[in-house]
Each structure stands twice: as structure tokens, then as C-alpha cells.
Amino acid sequence: MNDFYKDILTGIVFITGLLGFVSGEFIISSALFATAAIASNINLNRKRGKAGQLSCE
């Protein structure tokens, strides 16, 4: 799966979490927000690692 599809999937999970929050499903929306945040951070760190910008300092 390339980066564009990963970004689309993360966006869909975020929007679903937002709709769940509005409808009152707070536990499910919290889990979806957490999933979107973790997926976004993992994807961002992989992009930085490929570019050589990741450091441990």
C-alpha cells in the first residue's frame, strides 16, 4: 500500500471518529481517534526515516 492510500485510510478513520463523537459514541470515537493518531505518527516517522531525517539525539 503506498503512502497516498495510507493517508486516505487515516483520514477515513479520523472522520469516522468525528462522526462517532457527534453521535454520542464516545468510547468508539476515542478508539478511532487514537488509531488515527498512531497510524499518522507511524506513517510520518517512516517517511522521515526514508529521507534520512530521523535521529536519536
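Data for the structure
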| item | result |
| --- | --- |
| About the Cα centre, charge dipole magnitude for the chain (Lys/Arg +1, Asp/Glu -1 at Cβ), debye | 240 debye |
| Accessible area of the chain divided out per residue, in Å², using a probe of 1.4 angstrom | 81 Å² |
| Estimated [θ] at 222 nm from DSSP helical runs (n ≥ 4, -39500 (n - 2.57)) normalised by residues in the chain, nearest 500 | -29000 deg cm²/dmol |
| Cα-based helix-to-principal-axis angle, 26-51 vs the chain, degrees rounded to 10 | 10 degrees |
| Percent carbon-and-sulfur accessible area, the chain, ignoring ligands, DNA and RNA, probe 1.4 Å | 67 percent |
| Alpha-carbon gyration tensor eigenvalues x 5, square-rooted, for the chain, Å | 28, 13, 6 |
| Region 2-9 - phi-based ³J(HN,Hα) in whole Hz, Karplus 6.51/-1.76/1.60, Gly and Pro as x | 7, 5, 4, 5, 5, 5, 5, 5 |
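The values are calculated or read from the model by the stated rules, or taken from the named source; none is laboratory data. Remember, predicted model here, so these are calculated numbers, not experimental data. When we count neighbours, we look across all protein chains shown, and the Cβ atoms used for this are built from the backbone with ideal geometry, even at glycine. For accessibility, only protein heavy atoms count, side chains too; no ligands or nucleic acids. Shrake-Rupley method; radii C 1.70, N 1.55, O 1.52, S 1.80 Å.
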